[in-house]
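The values are calculated or read from the model by the stated rules, or taken from the named source; none is laboratory data. Here the structure is a predicted model, which is why all the values come from computation and not from measurement. Cβ: placed from backbone, ideal geometry, glycine included. Neighbour counts: every protein chain shown.
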Amino acid sequence: MTAPTPAPRPENTGLIFIGEQLWPPARLTADQAQHFAGAINPTGRLNSDVIQRCLSLKSGHPSEHWQINFPFHGTESEANLYTGPSRHLKSNQPVTTGEWWRNPHAKIELRTSLARLERSLVTPLAATELTWTWIDSEVLPDTHFLVVARDDDFTHGLLSSPLFSSWWQHFASLSPIDRVAAFPFPWPPRTLLSSLTRQQEEQRLNLARAARSNDPEQLATAATAAYGWSNYLTTSDLLERLIALAR
């Protein structure tokens, strides 16, 4: 099937990210993170305020580590209130005359989006098949992951469905971000629940249940129904309809 390349949809803006690049000077071992968390600062501030859990891949498998994470818009004086972490960060940088406490790789939009949620969806970029999983909003994924800043089971179900999988594979020439950004959801992802019709509420609930069941057939049926389409359509027909919606 030949189809024009779909453009990112305005309603999907701020929904999809690549994780944040690691900043080696800020990285901590589990022992270091535990040591800092247990230390007491003269001001009484807790080092846990500036110690963050991060998610990476190790030998192809998700692996957690920790890093020092001072608020990006914080001042040097505020960073120095955390004695151990500030000393550690200074000692791990060859030059500390500049803004040594600020992570140069910080993705503010990603961090802000995740901070509003209880959890978010991630899938390894290098995986041959999409494997969406939930992570706590306190965990910062690195560049090995595609991140969707949503915390609802409906979105999880739709992105885990064969319907989205066929879209993903068909537009493999696009970047991972563009493939999700161009995807036509049944209704805009940020639509308020109070604005959904009764039918949409039922479709949303059915797909959320299917996501929790992790049953491929149930996911396929519920995802197709969310668009108001027959479950008897072929994969090719469903893809054609998605492409038509994306125009």
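I'd like to verify a number: residues in region 60-91 that are touching a Phe, Trp or Tyr at 6+ places or on another chain (Cβ under 7 Å), under 21 Å from residue 35 (Cβ atoms) and surrounded by fewer than 16 Cβ atoms within 10 Å (Cβ to Cβ), how many?
1
With the condition kept exactly as written, say whether any residue in region 96-110 is part of a helix (DSSP H, G or I) and either of a type outside the set (Val, Ile, Thr) or more than 22 Å from residue 20 (Cα to Cα) (or both).
yes
I need the full set of residues from region 217-247 which are surrounded by fewer than 18 Cβ atoms within 10 Å (Cβ to Cβ), farther than 18 Å from residue 202 by Cβ and touching a Ser or Thr at 6+ places or on another chain (Cβ under 8 Å), in order please.
Those that are surrounded by fewer than 18 Cβ atoms within 10 Å (Cβ to Cβ), farther than 18 Å from residue 202 by Cβ and touching a Ser or Thr at 6+ places or on another chain (Cβ under 8 Å): 233, 235.
Take region 192-216 and flag every residue that is surrounded by 13 or more Cβ atoms within 10 Å (Cβ to Cβ) and modelled with pLDDT of 95 or more.
196, 200, 202, 203, 204, 205, 206, 207, 208, 209, 210, 211
Listed here are the residues, each with its yes/no results for (1) touching a strand residue (DSSP E or B) at 6+ places or on another chain (Cβ under 9 Å); (2) under 12 Å from residue 83 (Cα atoms).
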residue: 13; (1), (2): no, no
residue: 20; (1), (2): yes, no
residue: 27; (1), (2): yes, no
residue: 41; (1), (2): no, yes
residue: 47; (1), (2): yes, yes
residue: 55; (1), (2): yes, no
residue: 62; (1), (2): yes, no
residue: 67; (1), (2): yes, no
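For region 137-164, which residues satisfy the criterion of being under 26 Å from residue 201 (Cα atoms) and of a type in the set (Asp, Glu)?
151, 152, 153
Just checking: which of the helices (runs of 4 or more DSSP H) contained wholly in region 150-247 hold 3 or more residues that are more than 17 Å from the chain's Cα centre (by Cα) and more than 23 Å from residue 116 (Cβ to Cβ)?
In region 150-247, 162-170, 198-213, 216-226, 235-246 are the helices (runs of 4 or more DSSP H) which contain 3 or more residues that are more than 17 Å from the chain's Cα centre (by Cα) and more than 23 Å from residue 116 (Cβ to Cβ).
For region 111-131: of the residues being assigned to a strand (DSSP E or B) and touching a His at 6+ places or on another chain (Cβ under 8 Å), which is surrounded by the fewest Cβ atoms within 10 Å (Cβ to Cβ)?
By that ranking, first place goes to 124.
List the strands (runs of 3 or more DSSP E) inside region 1-70, counting only whole elements, that have at least 2 residues being more than 17 Å from the chain's Cα centre (by Cα).
51-58, 61-68
Pick out the one residue from 75, 43 that is without any contact (Cβ under 8 Å) to a residue 24 or more places away in the chain, among the β-branched types (Val, Ile, Thr) and at negative phi.
75
Are there any pairs with C-beta distances below 8 angstrom linking a residue in region 101-128 that is of a type in the set (A, V, I, L, M) to a residue that is surrounded by fewer than 12 Cβ atoms within 10 Å (Cβ to Cβ), with the two at least 6 apart or on different chains, and if so which?
If the second residue must be surrounded by fewer than 12 Cβ atoms within 10 Å (Cβ to Cβ), the pairs left are 126/60.
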